[in-house]
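Read-outs throughout are calculated quantities, based only on the coordinates presented, and are distinct from any laboratory measurement. Owing to the predicted nature of the structure, the values given are computational and were not obtained by experimental measurement. Cβ: placed from backbone, ideal geometry, glycine included. Neighbour counts: every protein chain shown.
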Amino acid sequence: MTRTILACLAAAAMSGAALADEPIDIAPIAFGDELLEKADEYGERELERLAGYLTQDLEQALRGIEMADGTRLEVTLLDAEPNRPTFQQLRDRVGLSSQSISLGGADLEAVLVSADGSVIEDFEYSWSSSSLREVYGASTWYDARKAFDRFSRRVRGDVHDHLRAGS
């Protein structure tokens, strides 16, 4: 009987250890004041679309990385500029063409937070195209999506560094 109890305790301890690390939870994307001021101009649907793109990039970048259960990444999309007019902008501005192009990009920040609420790491990233030649033929959120991808890869690298350092 003692052997059975010890076996049960060992199994419980092993399963608890296996559950100690979990994938990083990505909180719903928050929007900065600067971007929220543009919500009517871009259209509410566009903010949802941006949040979806960003979440997808982060999920892909962080896939396979596990940290202590309850670790959460809180991301704020501070601002974004489209390369082409959004549907709402096309509706609101007579004479604006879907062929119009501009410099786009995005500004982001994030905080990696432990289950107890302490900050593990802060992240900031900003990127925009520097020449219209770079965006010729680009979609509406081409540069913003490029910024999301680069930001996501940077977060992944920093989290890997953090885990290697054993902090």
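General remarks:
- So ASP92, is it surrounded by 16 or more Cβ atoms within 10 Å (Cβ to Cβ), free of Cβ contacts under 8 Å to residues at least 60 places away in the same chain, touching a helix residue (DSSP H, G or I) at 6+ places or on another chain (Cβ under 8 Å) and over 17 Å from ALA27 (Cβ atoms): no
- Scan of the range 109-148 for residues that are among the charged types (D, E, K, R) and crowded, with 17+ Cβ neighbours inside 10 Å, ordered by number: GLU109, ASP143, ARG145, LYS146
- Options LEU73, LEU90, LEU96, LEU36; residue that is among the hydrophobic types (A, V, I, L, M, F, W, C) and under 11 Å from the mean Cα position of the chain (by Cα): LEU73
- Among the residues making up the range 41-87, those that are farther than 30 Å from ASP21 by Cα and of a type in the set (Gly, Ala, Ser) are GLY43, ALA80.
- Checked against the criterion of being assigned to a helix (DSSP H, G or I) and surrounded by 15 or more Cβ atoms within 10 Å (Cβ to Cβ), the range 72-86 contains not a single residue that satisfies it.
- Residues satisfying the stated conditions in the range 23-71, i.e. assigned to a loop (DSSP other than H, G, I, E, B) and closer than 17 Å to TYR125 by Cα: ILE29, GLY32
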